[in-house]
């Protein structure tokens, strides 16, 4: 980020051969938990008649859809249904997968618990997969960059005050380094998500972004301040 024209070197302020400038760096780190969770519900039926297999899955599928709407507050855009019908030996097999995207993790838990309670072994529910949308990551990147710039500005202002000067406008602001990482759970050799608690899964999906910036600020000289005071006095 630079207030000067493209590829234009930072201009020195008046007052010396190299200008009156303060060069500082600033850094910041922010973290954010996941804003989405995907859960997959598996439904299966194997019957001697095709209609019976289809009907068994269809009834449970309708119940799942109703529960997701009422308890999860989920719209149709956040639900994907995949169906597969096949014949195995002398039986017909009907399968359905319901992929649900949740933004409210409390409602997600309530919905999944209700389905397990009511449908019992006739339904299989995957562990939630937590993740970040690109919009959430981009927002965090901007926030951490702004925080790093504020840190650099605060540092420059304190340096100027130390020597009795005031901070002027920025001549150059450059983001030099950005690092992104996710949390890692310790003391687990098996990375199967079924071994982790709900809070551990949230922690593991938390993203950390750090930013380091370099900035050059103009130093307002004593002459300018005295001249302003003189004009004000007159």
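Sorted from greatest to least, the principal axis extents spanned by the alpha carbons of segment 36-131 come out as 43, 24, 21 Å. Residues 104, 35, ranked from the fewest to the most other C-beta atoms within 10 Å, line up as 104, 35. With r as the distance between the Cβ atoms of residue 50 and residue 183 and R0 = 35 Å, compute the FRET efficiency 1/(1 + (r/R0)^6) and round to 0.05. E(calc), rounded to 0.05, equals 0.15. Measuring r between the beta carbons of residue 69 and residue 203 and using R0 = 25 Å, the FRET efficiency lands at 0.25. Residues in segment 203-219, backbone N under 20 Å from the label point at residue 143 (7 Å along the Cα-to-beta-carbon vector): list them, ranges by number please. Of the residues in segment 203-219, 203-213 have backbone N under 20 Å from the label point off residue 143. Taking every C-alpha pair closer than 8 Å and separated by at least 6 residues, the mean separation divided by the residue count of segment 36-131 gives a relative contact order of 46 percent.
Values in this text are rule-based calculations from the coordinates and carry no lab data. As the structure is a prediction and not an experimental result, all values here were calculated from the model. No Cβ is skipped: glycine too gets one built from the backbone with ideal geometry, and neighbour counts run over all protein chains shown.
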